[in-house]
Amino acid sequence: GPCKDAPTDPTSNYERYNVLSVGAGAFNDAPYILEKKLGNTNYHFLFVNWWGCCAGVCSTNEIRVGRSGTGIAGPYLDKNGLRLDQSGVQDIWGEYAGGGSVFLQGEGRYVGPGHAGVMEYVSKKDGEAKFVFTFQYYDKEDNGIGK
């Protein structure tokens, strides 16, 4: 189903949630938002899982991404300018889907990547901030074990 934001203020109106991403059919889950300043603009990057997970080497998960330059509530656009919160803007494998650029797909032994995350740390070597992208996958060469 759709990924939505949720209010963090308990006194706010819980009746209204903004749709951030609709995905393709029922395939759209595990949203992760990264905030990153590029130049003078604070961007938010929304990573979401599409397709099917949790089936070992038969998993079809992939990570899609969109970017917002207007705030955390979006709208998020893919690299082609398609909105992630609007269904039917592209046809993928016969599904009328929302926007979303492929960020990571399975390849070789790495099947069904999903559940994006980003870890930030300061390098002891040069004192610069470094970012590490994290995800899970199923290992085709190790009996489909999730890693």
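Nothing in this text is a laboratory measurement; each read-out follows from the coordinates by a stated rule. Computed from a predicted model, the values in this text were never measured in an experiment. For neighbour counting, all protein chains shown are included, and Cβ atoms are generated from backbone atoms with ideal geometry for every residue, glycine included.
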#### Entry: Residues with amide H under 5 Å from that of Gly117, placed H, sequence gap 5 or more
Thr134
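Distance check, please: which entries in Lys37/Lys124; Lys36/Lys147; Lys79/Lys147 exceed 24 angstrom between their Cα atoms?
Among Lys37/Lys124; Lys36/Lys147; Lys79/Lys147, the Cα-Cα distance tops 24 Å for Lys36/Lys147; Lys79/Lys147.
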### Query
Anyone know which of Gly106, Gly127, Gly81 comes out most mobile in the 10 Å Cα GNM of the chain?
Gly127
### Task
Send over the per residue convex hull volume for the chain, Cα only, as a whole number of Å³.
158 Å³
## Note on the structure
Per GNM of the chain with C-alpha springs under 10 angstrom, the most fluctuating residue out of Ser123, Ser59, Ser87 is Ser123
### Summary
Measuring from its Cα centre, region 18-146 shows a charge dipole (+1 at each Lys and Arg Cβ, -1 at each Asp and Glu Cβ) which, in debye to the nearest 20, is 400 debye
### Low-density loop positions, chymotrypsin sites (Phe, Trp or Tyr not before Pro), region 73-147 - DSSP coil, at most 12 other Cβ in 10 Å
Trp93
### Summary
Note: Glu120 to Lys147 extended length (0.36 nm per residue) minus current alpha-carbon separation gives 7.7 nm
## Note on the structure
Along the dipole axis of the chain (charges at Cβ: +1 for Lys and Arg, -1 for Asp and Glu; origin at the Cα centre), the most positive-end residue among Phe133, Val19, Pro31 is Phe133
